[in-house]
Amino acid sequence: MNFREIAYQECIRVDCRKVYAVDEVLTGCLECGSLLDVKYDWESGPAPESWAMFQDKWSQRFDPLARSGVWRFHELLPFALREQIVTVGEGQTILQQADTVSRYAGMKSGNLFLQYEGMNPSGSFKDNGMTAAFSHARSVGSQRAACASTGNTSASLAMYCAVSQQMKAVIFIGSGKIAYGKLSQALEYGALTVQITGDFDDAMLRVREVCKELDIYLVNSINPFRLEGQKTIMYRVIESLGWEVPDWIVVPGGNLGNSSSFGKAFIELFELGLIDRVPRLAVINARGANTLHELYENRSMRWNDGRIDRSIQQQYYQELDADQKKASTIASAIEINRPVNLDKCLRALDYCAGVVREVSDQDMLDAKAQVGAGGIGCEPASAASVAGVKLLREQGIIAASDRVVCILTGHQLKDPTATVAYHTTDQKKFNEVLGARGMTRANYANRAVAVSNDLDEIIRAIKIYG
Ligand code: F0G
């Protein structure tokens, strides 16, 4: 395939559709300000006709691009030339059948799967998108790349900059709004870390201004190339199911990059004839950061064939401002009130017969403990997906016999504070971290047993608790 020459960018608004070249650095349409898609003129290059070509890549694993779980699907994101790609072996993640979690969520055994994106090199799904945006940044000769972040995007960007030694990372974080595991990564990988007073939404506004002013490449998911990389999470899910599509994809919703990219993946796969049906999509908000839930489920904001009623969003944002309401949840990764990919997510929900739900911090941490008890640890935001399945089962929307895939977006070690506070015997610590958020109990806590350093006492304790 003639990589790159068939790629271009296009405004997603149906009555605009302005087209831009693939090597223009934009985060929105210059005419109308809407989001951009990376598009491909499949007719001009041999489009992938079957999954077999991707299956064959396994035998070429000595080639770093065939080993990468993103770039082994290069033909489905053909915007980059081989020599421009920066890969660190991202996307070598697994789909795990999870029967303990299945029982917890009320699913039939064997029907619930966890797509463990915490296994990426920087410990979250972000690497899927970062390799794509970073490769694009490199291809256009950028010297610096920036993002606002709740922690994982910044860890990923910092890692790609450090590994490739090709660009300087500038990251914007809200003060006190980032889990320690993530902050430690950015610092250690050498990113210029700018901590601003405010939260993610404030940092996001600022970083856009700064990037414009200083001509820095922006890698937040408003960047359409990021989402190209994240499509591959769905390709790997389908691959792991023997090239079959599940009934449901359930994903946490923050800035709405994942849900947007999954929708785009399914639109393209269907157009290319690689799938003959589309799964349903469930996007799960934290109750303390529930803009999508509010707009989609309570105020009926819809994609509407690309003619979105913007007044619904404007009205809601005015209310947020008037009430000085800020996002607030233990799941700091998704502590976001103004998701930049809202429009694309509405398109995905439309195409995939989607639903949106909100879950509490208690729901997420209990679900997280169940995921952990099954041996795959995740961070609080990731567990929103499992808590979401439980809720949708209780509501009868997901059937016990459906085949459901939850995306575990980030690794358990990203946020040890939340995990230790959940399992602690120290009520003060629990109250500080979780009680302050209205949580009253840890339903699945695995508490440490304190004993003095005495053989008899230790043996007695093991007999009692073991
Ligand atoms: N889960 C985790 C672990 C995340 O880090 C994020 C986003 C999400 C879910 C939400 O994904 O934005 O695609 O809806 N983290 C961003 C960051 C905002 O800066 O790391 P989304």
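So here's what we get for this one:
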| quantity | calculated |
| --- | --- |
| Ile94, sole failed condition from (1) under 23 Å from Ile233 (Cβ atoms); (2) open to solvent by less than 50 Å² (accessible area, probe 1.4 Å); (3) touching a helix residue (DSSP H, G or I) at 6+ places or on another chain (Cβ under 8 Å) | (2) |
| Test: residue in the range 319-327 that is touching a residue at least 12 places away in the same chain (Cβ under 8 Å) and surrounded by 21 or more Cβ atoms within 10 Å (Cβ to Cβ) | yes |
| Positions within the range 40-79 being over 21 Å from the mean Cα position of the chain (by Cα) and basic (Lys, Arg), in sequence order | Lys57, Arg61, Arg67 |
| Condition broken by Ala105, with the remaining ones in (1) of a type in the set (A, V, I, L, M); (2) at pLDDT 95 or above; (3) in contact with a Ser or Thr (Cβ under 9 Å, 6 or more places away or on another chain) satisfied | (3) |
| Single residue of the range 429-457 satisfying the filter (in contact with a helix residue (DSSP H, G or I) (Cβ under 6 Å, 6 or more places away or on another chain) and over 19 Å from Lys368 (Cα atoms)) that is modelled with the lowest pLDDT | Val449 |
| Pair list, Cβ < 6 Å and 6+ apart or interchain, from the range 69-85 residues that are surrounded by fewer than 23 Cβ atoms within 10 Å (Cβ to Cβ) to residues that are of a type outside the set (Phe, Trp, Tyr) and part of a helix (DSSP H, G or I) | Gln84/Ser135; Gln84/Arg138; Gln84/Ser139; Ile85/Ser135 |
| Residue match in the range 208-230 (condition: buried (at least 23 other Cβ atoms within 10 Å of the Cβ), more than 29 Å from Tyr8 (Cβ to Cβ) and not hydroxyl-bearing (Ser, Thr, Tyr)) | no |
| Residues (touching a residue at least 60 places away in the same chain (Cβ under 8 Å) and either of a type in the set (S, T, N, Q) or not in a loop (DSSP other than H, G, I, E, B) (or both)) located in the range 156-179 | Leu157, Met159, Tyr160, Val163, Ser164, Gln166 |
| Tally, over the range 397-432, of residues that are open to solvent by 60 Å² or more (accessible area, probe 1.4 Å) and either on the phi > 0 side of the Ramachandran plot or among the aliphatic types (A, V, I, L, M) (or both) | 2 |
| Residues satisfying the stated conditions in the range 114-141, i.e. open to solvent by 30 Å² or more (accessible area, probe 1.4 Å) and part of a loop (DSSP other than H, G, I, E, B) | Pro121, Val140, Gly141 |
| Cβ-Cβ under 6 Å pairs, at least 6 apart or on other chains, the range 409-420 side within 9 Å of the ligand (Cβ to nearest atom), far side modelled with pLDDT of 95 or more and among the basic types (Lys, Arg) | Lys414/Lys182 |
| From Ile308, Ile376, residue being in a loop (DSSP other than H, G, I, E, B) and free of Cβ contacts under 8 Å to residues at least 40 places away in the same chain | Ile308 |
| Matching residues in the range 238-287 - criterion: being under 26 Å from Gln97 (Cβ atoms), touching a Lys or Arg at 6+ places or on another chain (Cβ under 9 Å), in a loop (DSSP other than H, G, I, E, B) and open to solvent by less than 10 Å² (accessible area, probe 1.4 Å) | Pro246, Pro279 |
| Residue selected from the range 228-258 under the condition among the β-branched types (Val, Ile, Thr) and closer than 24 Å to Ser68 by Cβ, by the criterion nearest to the ligand (Cβ to nearest atom) | Val251 |
| Checklist (1) surrounded by 23 or more Cβ atoms within 10 Å (Cβ to Cβ); (2) more than 19 Å from the chain's Cα centre (by Cα) applied to Gly151, failing item | (2) |
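Here is a yes/no grid of residues against (1) among the hydrophobic types (A, V, I, L, M, F, W, C); (2) in a helix (DSSP H, G or I); (3) more than 18 Å from Leu281 (Cα to Cα); (4) within 16 Å of the ligand (Cβ to nearest atom):
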{"site": "Pro339", "(1), (2), (3), (4)": "no, no, no, yes"}
{"site": "Glu358", "(1), (2), (3), (4)": "no, no, no, yes"}
{"site": "Ala369", "(1), (2), (3), (4)": "yes, yes, yes, no"}
{"site": "Ala381", "(1), (2), (3), (4)": "yes, yes, no, yes"}
{"site": "Ile397", "(1), (2), (3), (4)": "yes, no, no, no"}
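The values are calculated or read from the model by the stated rules, or taken from the named source; none is laboratory data. Just so it is clear, the structure is predicted and the values come from calculations on it, not from any experiment. Positions of Cβ are generated from backbone atoms using ideal geometry, with glycine treated the same way; all protein chains shown enter the neighbour counts. Just so you know, the surface numbers come from the protein's heavy atoms only, side chains and all, with ligands and any DNA or RNA stripped out. Shrake-Rupley method; radii C 1.70, N 1.55, O 1.52, S 1.80 Å.
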